[in-house]
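Scroll down for the structure; my scribbles are underneath it.
Derivation of every value follows stated rules applied to the coordinates shown; laboratory data play no part. Being a predicted model, the structure only gives us computed values, none of them experimental. Cβ: placed from backbone, ideal geometry, glycine included. Neighbour counts: every protein chain shown.
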Amino acid sequence: MLGGVPPTIRQSTRAVFRLPLVALVAVVLLAVCATPLAFAAPWLWLLYLVPIGLAWWVLRLRTDVDADGIRVRYAFTSRQLSWDDLAGLRLRESGWVRAVLRDGDRVTLPNVRTGDVPALALVSGGRLTDPRGEPADPKDDADADPKAPAGADPGNPEPPSP
């Protein structure tokens, strides 16, 4: 509990979507594996630029969402999107999410997947809705028999006559 309020009830005011820092372990391993090759010839030490670039990419690439809007950070650029500029979200079949702006421009949100859309909607304070829709109420389907033919009356187990 933070501040006396359970985390499930407390509304978050900020969300950060980024690669897990454990990805840096792979970068360090790449640097260690490149060491014998890097000392094999005079200019092969430049191989260390690859792990340095990957570490920069892991640390820099992210999406910050707060009350002011969405801040998108790529490896060398960043962009601030205010809530007023945002028309909605576009969910890709691949699982990535894009912000659709009022002028028709689309901005890919790094590290934001379709499963993160409810968190985006929560942090937006109602400015965004979950475009996936509300899940169906399981109580509505509790009386339905999945084996019953289409058009069958749930109170009558007999199939309809032709």
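Amide hydrogen proximity for Leu89: with H placed 1.01 Å from N in the peptide plane, the residues at 5 or more positions away or on another chain lying under 5 Å are Val100.
Over all pairs of distinct alpha carbons, what does the Kirkwood formula give as the hydrodynamic radius of the stretch 20-60, in Å? Spell out each step's value before the answer.
On the way: mean 1/r = 0.0957 Å⁻¹.
Result for the stretch 20-60, one decimal place: 10.5 Å.
Between the stretch 101-118 and the stretch 8-58, the alpha-carbon centres lie 25 Å apart. Using the average count of surrounding beta-carbon atoms within 10 Å as a protection proxy, the listed peptides 36-48, 53-65 rank, highest first, as 53-65, 36-48. Normalising the Debye intensity of the stretch 43-126 to I(0), with uniform scatterers on Cα atoms only, and taking log10 at q = 0.14, 0.24, 0.25 Å⁻¹ returns -0.53, -1.21, -1.28.
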